[in-house]
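So the structure is just underneath, and the comments pick up after that.
The values are calculated or read from the model by the stated rules, or taken from the named source; none is laboratory data. All figures in this text were calculated on a predicted structure; none of them were measured in a lab. Reconstructed Cβ throughout: ideal geometry from the backbone, glycine too, with neighbour counts over all protein chains shown.
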Amino acid sequence: DGSHVHYTDLTPDGRLAVVDLGNDTVSTYDVSAEGKLAPVSILKTKAGLGPRHLAFAPDKKTAYLVGELSSKVSILDYDSTTGAFYLRQTVSTIPADWTEHNGAAAIRVSNDGRFVYVSNRGHNSLAVFEVLDGELKLIQHLTTHGDFPRDFALDPTEKFILVANQNTDNATLYTRDQETGLLACCQKDIPLPEGVCVYFK
């Protein structure tokens, strides 16, 4: 119903990107040496997208924006000259026949930029996308073996993905094929009370 900044991070060139779930915007600010902000650009997404997180690809020119309320992910082109984002494509993170509640949550991009992963809270799944000819193609949906997968991360080798299921107090571990991007569950029901963040040092 109103502004609700859910996520902020620096762009690869040092601007501040602000993702607002409440008013469906991604705003960009220049950051002065004193840390003061000056507005540069605003991308207005489709109403109801509910932007939650933003992740840049390794090329530093492409970003992926996950929409919590819409269960969708968008490809954005980033212009480092102007600090502006431009919409390229939007696709669903859940099957077309899913009618129950879902909220898309975390998003991760592989280091080679070839694969994008999104967690779904409600459908309780991971959606796996391959980047082909500049667009996202869904290649896999698989259960997280728990409820409300709040966060997940690739390990430093990118051979594994660990998912935290907040409501069922467990984590699930997957092996990852680095050529195809596909996942396979190798361990589930790892005790994790109310897991909300996965971070590898």
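Select from segment 76-96 the residues that are in a loop (DSSP other than H, G, I, E, B) and within 16 Å of Asn120 (Cα to Cα) and list them in ascending order.
Thr93, Ile94, Pro95, Ala96
Whether any residue in segment 177-184 is part of a strand (DSSP E or B) and in the same structural domain as Asp112 (by TED's automatic domain parsing) is what I want to check.
yes
Specify which of the listed residues (Leu69, Leu54, Leu65) is under 16 Å from the mean Cα position of the chain (by Cα), surrounded by fewer than 18 Cβ atoms within 10 Å (Cβ to Cβ) and under 19 Å from Ala127 (Cβ atoms).
Leu69
Mind checking which residues of segment 1-51 are part of a strand (DSSP E or B), among the charged types (D, E, K, R) and crowded, with 18+ Cβ neighbours inside 10 Å?
So in segment 1-51, the residues part of a strand (DSSP E or B) come out as 5-10, 16-20, 25-31, 37-44, 51.
With among the charged types (D, E, K, R) added as a condition, the list becomes 9, 20, 30, 44.
Across segment 1-51, the qualifying residue is only Asp20.
Please find, among Gly181, Gly146, Gly195, Gly122, the residue that is buried (at least 17 other Cβ atoms within 10 Å of the Cβ) and touching a residue at least 60 places away in the same chain (Cβ under 8 Å).
Matching residue, one of Gly181, Gly146, Gly195, Gly122: Gly181.
Going through Leu173, Leu142 one at a time, which residue ends up being within 19 Å of Val66 (Cβ to Cβ) and aliphatic (A, V, I, L, M)?
Leu142
Name the pairs whose Cβ atoms lie under 6 Å apart, with the first residue in segment 46-66 and on the phi > 0 side of the Ramachandran plot, the second buried (at least 18 other Cβ atoms within 10 Å of the Cβ) and part of a loop (DSSP other than H, G, I, E, B), and 6 or more positions between them or separate chains?
Matching pairs, first to second residue: Gly48/Ser70; Gly50/Leu21; Gly50/Glu68; Gly50/Ser70.
If the Cβ limit is 9 Å and pairs must be 6+ apart or interchain, which residue in segment 151-170 that is without any contact (Cβ under 8 Å) to a residue 60 or more places away in the chain and more than 22 Å from Glu68 (Cβ to Cβ) pairs with which residue that is aromatic (Phe, Trp, Tyr) and surrounded by 18 or more Cβ atoms within 10 Å (Cβ to Cβ)?
Once the first residue is without any contact (Cβ under 8 Å) to a residue 60 or more places away in the chain and more than 22 Å from Glu68 (Cβ to Cβ) and sits in segment 151-170, its partners that are aromatic (Phe, Trp, Tyr) and surrounded by 18 or more Cβ atoms within 10 Å (Cβ to Cβ) give Phe160/Tyr174.
Examine segment 93-102 for a residue that is aliphatic (A, V, I, L, M) and either without any contact (Cβ under 8 Å) to a residue 24 or more places away in the chain or more than 21 Å from Tyr199 (Cα to Cα) (or both), and state whether such a residue exists.
Yes, segment 93-102 contains a residue that is aliphatic (A, V, I, L, M) and either without any contact (Cβ under 8 Å) to a residue 24 or more places away in the chain or more than 21 Å from Tyr199 (Cα to Cα) (or both).
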